[in-house]
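Student: Take this structure first; my questions come after.
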């Protein structure tokens with residue numbers, strides 16, 4: 001950990017009713033024609049209307065794109081880019097969950113560069129400029145507002161990532177009121193997703209660093225302490241805000257100390273079976289923790305101390321036992337499917353999932369323990 005590099009979103013605002021400031025923030029970025037990216041479900045909630053009204057009151061011309069789908073398909077991303085170019089926008093705002101924020105990132109980038117989307121899948125391949133970008137999360141899960149990553153589902157059902165510092169937005173705004181009333185199962189899925197980000201950032205093999213460690217520990221403590229409250233009571237603004245903050249801190253951590261096997265094995269579940277990303281992570285989390293324990297007990301013991309204040313584990317195995325026990329109990333309480341067989345996966349599908357997971361080497365290399373095809377298959381079998 002002697003040498004490391006840390007990057008994040010340059011301006012982060014956490015403020016109750018802060019969404020009323022979005023027009024002002026867009027103006028500060030000299031945006032006059034704003035492309036707003038969201039999804040139809042969020043439109044139906046009515047959350048977007050006051051934001052659009054505030055933007056219009058600031059004299060900003062708005063083009064609304066609300067066709068974002070979960071695990072954004074490549075064709076939807078390209079349709080958004082075409083719409084933004086046709087409207088000749090000079091700024092982009094993402095409002096919603098990770099899919100909307102990821103789509104907004106790529107719209108801002110592809111409207112500012114001559115590169116095609118197919119040319120920039122991978123790490124550090126994007127070039128040129130991007131349009132000014134503001135991100136407003138309405139779920140506490142992906143941390144996309146502070147990550148340089150956008151995930152796209154290709155026509156072959158493969159999840160590919162664009163990874164570039166150009167994807168960091170200019171401003172991330174957290175307003176806990178925008179997450180009030182989020183359904184319990186969505187709160188649970190996204191909350192566990194954020195916890196996985198913190199866990200995998202802290203145990204990442206290649207780029208683990210002191211700043212990400214500190215952020216991951218704080219994130220996990222916040223998320224663990226508040227997720228049950230947020231799931232039980234959609235109107236608890238304090239818990240909702242704490243979940244947003246935990247998600248953001250976890251996002252900052254894993255953006256610099258990347259995730260590993262949980263995410264690598266989750267991606268094929270989303271690509272083939274359209275399982276929501278947070279649920280995909282949760283379905284394999286327990287089995288991956290068990291798989292990693294031969295090399296990660298010391299790290300899991302430190303994570304146990306973060307979620308169990310006042311506890312100290314001199315014996316790493318004892319601490320890792322406590323961590324695994326707490327995480328498994330928490331996941332078991334969450335109001336969503338618990339096994340792969342409950343989301344449409346058949347035993348015959350497991351080899352295909354394992355083969356696809358092995359293609360996600362950009363993440364598997366970060367896992368604390370090396371993963372072979374046989375290991376991936378065993379993890380899926382344990383999660384089945």
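All of the numbers you see were taken from the coordinates with simple rules; none came from a lab. Remember, it's a predicted structure, so these values are computed and weren't measured experimentally. Positions of Cβ are generated from backbone atoms using ideal geometry, with glycine treated the same way; all protein chains shown enter the neighbour counts.
Student: Using only the Cα atoms, what convex hull volume per residue in Å³ does region 173-267 have?
Tutor: 88
Student: Taking the chain as a Gaussian network, Cα atoms linked when under 10 Å apart, which of 24, 302, 119 shows the biggest mean-square fluctuation?
Tutor: 119
Student: Kindly provide log₁₀ I(q)/I(0) values, in the same order as q = 0.13, 0.19, 0.24 Å⁻¹, from the Debye equation applied to equal alpha-carbon scatterers of region 140-222.
Tutor: These q points yield log10 I(q)/I(0) values of -0.54, -1.11, -1.34.
Student: Please report, largest first and rounded to whole Å, the three semi-axes of the ellipsoid equivalent to region 294-384, where each semi-axis is the square root of five times an eigenvalue of the C-alpha gyration tensor.
Tutor: 28, 18, 10
Student: Sticking with this structure for a sec: How far is it, in nm, from the label point at residue 53 to the one at residue 88 when both lie 7 Å from their Cα along the line to the Cβ?
Tutor: 3.1
Student: Would you list the P(r) distribution for region 181-383, with all Cα-Cα distances sorted into 10 Å bins from 0 and each bin expressed as a whole %?
Tutor: For region 181-383, the pair-distance distribution reads 10, 37, 38, 14, 1.
Student: Calculated from DSSP H runs of 4 or more alone, at -39500 (n - 2.57) each and per residue, what is the 222 nm mean residue ellipticity of the chain, nearest 500?
Tutor: -17000 deg cm²/dmol, from helical runs alone.
Student: Going by alpha carbons, how many degrees (0 to 90, nearest 10) lie between the helix axis of 277-307 and the longest principal axis of the chain?
Tutor: Taking Cα atoms only, the helix is inclined about 60 degrees.
Student: I would also like to ask the following. On the principal axes of its Cα set, how long, how wide and how thick is region 1-154? Give whole Å, largest value first.
Tutor: 45, 38, 29
Student: When only alpha-carbon atoms are used, what values of Rg and Dmax, in angstrom, describe region 71-175?
Tutor: 12.3, 36
Student: Bins of 5 Å, beginning at zero and ending with the bin holding the largest distance: percent of Cα pairs per bin for region 56-116, please.
Tutor: 3, 19, 32, 25, 15, 5, 2
Student: In degrees from 0 to 90, rounded to the nearest 10, what is the angle of the helix 74-86 Cα long axis to the longest principal axis of the chain?
Tutor: Result, in degrees: 20.
Student: Using the basic label-point model (7 angstrom from Cα toward the beta carbon), what is the residue 157 to residue 14 distance in nanometres?
Tutor: 4.0
Student: Per q in 0.07, 0.08, 0.11, 0.13 Å⁻¹, report the Debye log10 I(q)/I(0) for the chain, using one uniform scatterer on each alpha carbon and no solvent.
Tutor: Ignoring solvent entirely, the Cα scatterers give -0.28, -0.37, -0.72, -1.02.
Student: Related question: In degrees from 0 to 90, rounded to the nearest 10, what is the angle of the helix 261-273 Cα long axis to the longest principal axis of the chain?
Tutor: 60
Student: Under the definition of Cα pairs under 8 Å and six or more residues apart, what whole-number percent is the relative contact order of the chain?
Tutor: 15
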